[in-house]
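Worksheet for the structure shown next.
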């Protein structure tokens with residue numbers, strides 16, 4: 001449904017998005033992650049026809065967002081970071097108005113449906129100016145859904161919501177994502193990990209990684225950690241556990257738990273349990289810690305930043321090496337002459 005090819009956007013001399021390429025299919029929730037200023041909102045505004053790209057091509061449902069912007073707007077629902085609400089209108093009036101703009105059939109039925117879907121039935125007749133920030137966010141989500149779009153683009157949809165509301169909205173997004181295409185921007189990494197089928201991580205307008213949360217976890221290089229909680233003093237277990245293959249380091253943390261740092265992908269927990277049981281040490285729990293999406297996000301962004309900073313130094317070194325290699329040749333040519 002969404003196809004982005006070599007998308008680039010400049011604001012004057014500043015490049016907000018550079019050669020960004022990705023796709024999203026029907027029935028997929030795609031997470032769009034990145035630090036502030038990474039280019040997420042700019043990309044979403046281009047996808048929804050709010051601004052043109054400097055270069056590149058974007059199609060949604062087969063329609064070009066520049067040449068066929070009206071067709072795109074008919075099949076896209078958009079919740080921007082700042083929700084476009086009219087505070088002097090009542091909730092149901094506002095949704096009715098937005099529905100008329102989209103030429104929605106069975107308008108009254110559809111308004112009632114989206115009000116129930118986002119759980120604001122008790123505030124349907126309230127003025128928007130009287131609503132809390134969380135309730136306004138729900139109204140914004142309702143207006144994005146009013147015309148039953150095939151594609152839903154959500155910029156920070158749970159911002160300002162309380163924990164109970166966040167859970168409700170996440171469930172709603174998961175439900176919608178089963179039959180529609182959802183592009184979801186968020187700063188809450190655990191949110192993306194819970195509800196997204198795939199995630200895109202961008203930094204400085206460029207794609208850093210694209211994969212499922214599970215695959216990104218496997219791609220995270222480095223060590224794994226196993227925590228052991230014993231019923232008694234853990235000190236005698238240190239020497240026992242140090243003898244396990246693939247264990248790089250064993251230490252006791254502030255909670256008096258044993259932390260094993262291991263290399264490789266082999267699950268050492270069965271061996272840990274067997275050795276501690278053989279030593280008559282009572283085990284309360286043993287669990288491994290997998291890399292969270294936050295760990296992956298920070299590592300990938302830091303790696304990309306390190307590469308970016310190293311690039312000018314590398315280019316300078318190559319240029320100096322090139323000049324150095326040319327000098328003997330030029331000198332040799334003069335001697336030959």
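Listed here are the residues, each with its yes/no results for (1) modelled with pLDDT under 95; (2) under 18 Å from the mean Cα position of the chain (by Cα).
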residue: 126; (1), (2): no, no
residue: 133; (1), (2): yes, no
residue: 147; (1), (2): no, no
residue: 151; (1), (2): no, yes
residue: 155; (1), (2): yes, yes
residue: 162; (1), (2): yes, no
residue: 166; (1), (2): yes, yes
residue: 173; (1), (2): yes, yes
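Which of the strands (runs of 3 or more DSSP E) found entirely inside the stretch 148-263 contain at least 3 residues meeting this: in contact (Cβ under 8 Å) with a residue 12 or more places away in the chain, surrounded by fewer than 19 Cβ atoms within 10 Å (Cβ to Cβ) and assigned by TED's automatic domain parsing to the domain that holds residue 274?
224-230, 247-252
Being part of a loop (DSSP other than H, G, I, E, B), touching a helix residue (DSSP H, G or I) at 6+ places or on another chain (Cβ under 8 Å) and touching a residue at least 40 places away in the same chain (Cβ under 8 Å) is the filter here; which residues of the stretch 12-50 pass it?
27, 34, 35, 48
Evaluate the following for residue 293: is it surrounded by 12 or more Cβ atoms within 10 Å (Cβ to Cβ) and modelled with pLDDT of 90 or more?
no
Select from the stretch 93-120 the residues that are in a helix (DSSP H, G or I), surrounded by 13 or more Cβ atoms within 10 Å (Cβ to Cβ) and touching a helix residue (DSSP H, G or I) at 6+ places or on another chain (Cβ under 8 Å) and list them in ascending order.
Of everything in the stretch 93-120, those that are in a helix (DSSP H, G or I), surrounded by 13 or more Cβ atoms within 10 Å (Cβ to Cβ) and touching a helix residue (DSSP H, G or I) at 6+ places or on another chain (Cβ under 8 Å) turn out to be 94, 95, 96, 98, 99, 107, 110, 111, 114, 115, 117.
The values are calculated or read from the model by the stated rules, or taken from the named source; none is laboratory data. What you see is a predicted model; the values in this text were computed from it and never measured. Heads up, the Cβs are rebuilt from the backbone with ideal geometry, glycines too, and the neighbour counts pull from every protein chain shown.
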